[in-house]
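Novice: The following block contains the structure, expressed as structure tokens.
The values are calculated or read from the model by the stated rules, or taken from the named source; none is laboratory data. On a predicted model such as this, the values are computed, not experimentally measured, just so you know. Note: ideal-geometry Cβ built from the backbone for every residue, glycine included; neighbour counts use all protein chains shown. Keep in mind that these areas ignore ligands, DNA and RNA; they rest on the heavy atoms of the full protein, side chains included. Shrake-Rupley method; radii C 1.70, N 1.55, O 1.52, S 1.80 Å.
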Amino acid sequence: MEFSAEEIMKILPHRYPMLLVDRITACEPGICADGMKCVSMNEMTFCGHFPEYPVMPGVLILEALAQTGAVAILTLDEFKGKIPLFGGVKNARFRGQVRPGDRMELHCELTKRKGQVGIGKAVAKVDGKVVCSAELMFVIR
């Protein structure tokens with residue numbers, strides 16, 4: 001399954017400026033999702049992070065990964081219309097920078113789920129190189 005920006009907004013409750021996934025390029029409901037974020041100099045973040053050397057904050061990279069994983073879980077009938085919340089982050093590693101003009105490739109695989117709580121392994125890449133990896137815990141409300 002693939003989803004456009006308009007279709008993503010039917011799945012995720014996030015809106016500007018917090019919707020951080022532009023497209024879902026593949027999705028297996030309840031299993032995994034791949035997405036992308038086209039990083040633009042026009043984003044508010046770069047007014048202050050940092051004006052002389054714009055770089056996407058790591059916390060927003062993690063949020064983009066979490067939103068990608070949220071698409072995978074919220075496409076299951078039992079969770080449609082629900083709100084995904086962060087439950088935790090483990091083993092986050094930042095191996096590169098994400099800058100304006102980059103196309104960030106996002107992947108999140110749901111590795112464990114019990115009821116409304118789950119864990120996903122997530123990786124973000126730019127130009128095929130890993131810029132971030134983490135284990136994300138989520139709760140569906």
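Novice: How far is it, in nm, from the label point at Met44 to the one at Tyr16 when both lie 7 Å from their Cα along the line to the Cβ?
Specialist: 1.1 nm
Novice: Then there's this: How much of the accessible area of the chain, in percent, comes from carbon and sulfur atoms when a 1.4 Å probe is used?
Specialist: Exposed carbon and sulfur together represent 54 percent of the surface.
Novice: Send over a whole-number figure in Å² for the accessible area per residue of the chain, probe 1.4 Å.
Specialist: 55 Å²
Novice: Taking 23 Å as the cut-off for C-alpha to C-alpha distance, list the pairs among Lys80/Lys125; Lys10/Lys112; Lys80/Lys114; Lys80/Lys112 that go past it.
Specialist: Distance filter (> 23 Å) returns Lys80/Lys125; Lys10/Lys112.
Novice: With each pseudo-label sitting 7 Å past Cα toward Cβ, what's the Ala92-Glu78 distance in nm, one decimal?
Specialist: It works out to 2.9 nm between the two label points.
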